[in-house]
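Notes to accompany the following structure.
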Amino acid sequence: MFHKLAQVSMNGRMAYTIMCVEAFLVNQYPDRDWHLIAEKMWAATTTNWGDWPDMYCCYLPEIILPEQDYDRKYFGPYMTQQEFEQLKAFYSGITEGREDDPTDEVNYMLNKPFEMAMVYEGTCIGDGHESFEIIDEAEKVLKDHHIALPDHNLVKFSPSSEFNGWGNDFDGTHLSIILK
């Protein structure tokens with residue numbers, strides 16, 4: 001089956017996934033300031049995916065919420081103690097940080113970019129069906145909440161013909177509805 005993003009690079013698919021996450025966050029929690037999280041997500045389109053997941057995972061509710069205190073050795077390279085404390089308070093009441101639990105929608109959606117980065121770690125992309133599954137899961141959450149899907153045509157500038165399917169790095173923040 002031909003996926004609408006089949007001709008889009010992995011970096012473009014990452015951008016689309018982030019667009020889905022942002023649409024969910026803004027529609028479900030419009031009173032929250034998602035700038036810090038959006039900045040961390042969009043860093044994926046400008047940097048090596050070998051390094052980005054280490055940073056980004058530190059911002060996920062499932063990693064932050066179980067921690068009682070800021071661990072400088074673990075979090076220090078990626079966030080300040082103040083950011084850690086702000087995020088613990090920020091996530092309070094909207095997520096429990098349950099890993100791989102679609103009913104914990106905030107954590108589930110924030111994990112989608114991380115999953116996208118990790119699905120092909122150390123492998124070849126092949127036909128990309130695993131990335132399409134991640135995108136389809138994110139889109140399902142949007143559809144379940146009657147949230148309009150992002151325009152997938154906005155990422156077609158990053159074709160799968162670039163860099164063995166990975167696509168060239170680009171600043172995806174121009175696609176953001178949070179960082180505008």
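How many residues are under 22 Å from A44 (Cβ atoms) and surrounded by 13 or more Cβ atoms within 10 Å (Cβ to Cβ) if we restrict to the range 75-88?
Taking the range 75-88 and keeping what is under 22 Å from A44 (Cβ atoms), we get 75-80, 83-84, 86-87.
Right, trim to surrounded by 13 or more Cβ atoms within 10 Å (Cβ to Cβ) and you get 75-76, 78-79, 83-84, 86-87.
So the count comes out to 8.
Only one of (1) out of contact with any helix residue (DSSP H, G or I) (no Cβ under 6 Å at 6 or more places or on another chain); (2) outside any loop (DSSP other than H, G, I, E, B); (3) of a type outside the set (G, A, S) is not met by C124, so which one is it?
Going through (1) out of contact with any helix residue (DSSP H, G or I) (no Cβ under 6 Å at 6 or more places or on another chain); (2) outside any loop (DSSP other than H, G, I, E, B); (3) of a type outside the set (G, A, S) one by one, C124 breaks only (2).
Within the range 90-114, restricting attention to residues that are of a type in the set (D, E) and either at pLDDT 95 or above or more than 26 Å from T47 (Cα to Cα) (or both), which residue is most open to solvent (accessible area, probe 1.4 Å)?
Filtering the range 90-114 down to residues of a type in the set (D, E) leaves 96, 99-101, 104-105.
Filter once more, keeping what is either at pLDDT 95 or above or more than 26 Å from T47 (Cα to Cα) (or both): 96, 101, 104-105.
Numbers: E96: 131, D101: 36, D104: 6, E105: 54 Å².
It comes out as E96.
Quick one: which of S131, S160 is open to solvent by less than 20 Å² (accessible area, probe 1.4 Å) and in contact (Cβ under 8 Å) with a residue 24 or more places away in the chain?
Numbers: S160 fails: open to solvent by less than 20 Å² (accessible area, probe 1.4 Å).
After applying the criteria, what remains is S131.
Can you pull out the residues in the range 163-176 that are at pLDDT below 90, open to solvent by 30 Å² or more (accessible area, probe 1.4 Å) and in contact with a helix residue (DSSP H, G or I) (Cβ under 9 Å, 6 or more places away or on another chain)?
Hits for the range 163-176 are F163, W166.
Take the residues in the range 54-74 that are of a type in the set (D, E, K, R) and without any contact (Cβ under 8 Å) to a residue 24 or more places away in the chain, then tell me which one is most open to solvent (accessible area, probe 1.4 Å).
Taking the range 54-74 and keeping what is of a type in the set (D, E, K, R), we get 54, 62, 67, 69, 71-73.
Checking the rest, the ones that are also without any contact (Cβ under 8 Å) to a residue 24 or more places away in the chain come to 67, 69, 71-73.
Working: E67: 69, D69: 114, D71: 66, R72: 166, K73: 186 Å².
Checked the range 54-74; the qualifying residue most open to solvent (accessible area, probe 1.4 Å) is K73.
The values are calculated or read from the model by the stated rules, or taken from the named source; none is laboratory data. What you are looking at is a predicted structure, and each value in this text was computed from that prediction instead of being measured. Neighbour counts are summed over all protein chains in view; Cβ atoms, including those assigned to glycine, are modelled from backbone coordinates with ideal geometry. The protein model used for the area step is the full one, side chains on, heavy atoms only, and it has no ligands, DNA or RNA in it. Shrake-Rupley method; radii C 1.70, N 1.55, O 1.52, S 1.80 Å.
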